[in-house]
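Here's the structure we're looking at; comments come further down.
The values are calculated or read from the model by the stated rules, or taken from the named source; none is laboratory data. Note that the structure is a prediction, hence the values are computed from the model and not measured. Quick reminder, even Gly has a Cβ in these numbers, built from the backbone with ideal geometry, and neighbours come from all protein chains shown. The area values use the complete protein model at the heavy-atom level, side chains included, leaving out ligands, DNA and RNA. Shrake-Rupley method; radii C 1.70, N 1.55, O 1.52, S 1.80 Å.
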Amino acid sequence: MKSQARTARWAAVASVAIALGLHTSGLLPSRLPELARMPLAASVGGPFELTAHDGKRFSSASLAGKPFALFFGFTQCPDICPTTLLEMSNHLTRLGDKARDLHVIFVTVDPERDTPQHLAAYLKNFDPRIVGLTGSDTEIAAAAKGWNAHHQKLPESDGTTTIVHSAHVYLMDADNRLAATLNFQEPEALQLAKLKALLAGRSAN
């Protein structure tokens, strides 16, 4: 069945992420402060310039000195992406006034289908403060590489395509360093605690 095949593909992606380093998987929160100080963890991120869902160019330079959460996905993702965006919307609501200091960025890995207009329509289902970004294939590939965000387009049995991709949210502190990650399998209470720690300038463990 398609759902079983998709589950197997996500499991394979998770295995690759583990093999490449749990510092970006969100599965070892107790070690995040230690891992964030490691050279590989420090290399997560990098400058990018993409197009926002309002059609304007968006530069990572605008995030300098600000904590932010960044997630790679695509609008036709059937489960993990909408779940993650809904969770982030819930977190922004629960954070109350503190949410004004948190920037949430959703970068598509499917720029061919996810135009600014399509992103704008899709994001109406979630908190309006979430910014969707798209761009050319080259721009998206460069941004994903800078964040060690893995993605691969795969054919479905019905002739359509899907994309398997890294499924964690990067939490970057005001110094543009990886503070923690969120994993969609974590309890929302744990995710919220990490976000509160990020905004308080503490290690999000």
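Odds and ends about this structure:
- Taking strands (runs of 3 or more DSSP E) as the structural unit, those lying wholly within the range 135-180 and holding at least 2 residues that are in contact with a Gly (Cβ under 8 Å, 6 or more places away or on another chain) correspond to 168-172.
- Within the range 37-62, being open to solvent by less than 20 Å² (accessible area, probe 1.4 Å) and either acidic (Asp, Glu) or modelled with pLDDT of 95 or more (or both) holds for Leu50, Ala52.
- Given (1) touching a residue at least 24 places away in the same chain (Cβ under 8 Å); (2) farther than 23 Å from Arg177 by Cβ; (3) open to solvent by 60 Å² or more (accessible area, probe 1.4 Å); (4) not polar (S, T, N, Q), index of the condition Ile163 fails: (3)
- Sole exception among (1) in contact with a helix residue (DSSP H, G or I) (Cβ under 7 Å, 6 or more places away or on another chain); (2) open to solvent by less than 70 Å² (accessible area, probe 1.4 Å) for Ala193, by number: (1)
- Selection status of Val104, open to solvent by 20 Å² or more (accessible area, probe 1.4 Å), β-branched (Val, Ile, Thr) and in contact with a Phe, Trp or Tyr (Cβ under 9 Å, 6 or more places away or on another chain): no
- For the range 63-82, the set of residues classified as within 20 Å of Leu192 (Cα to Cα) and open to solvent by 60 Å² or more (accessible area, probe 1.4 Å) consists of Lys66 only.
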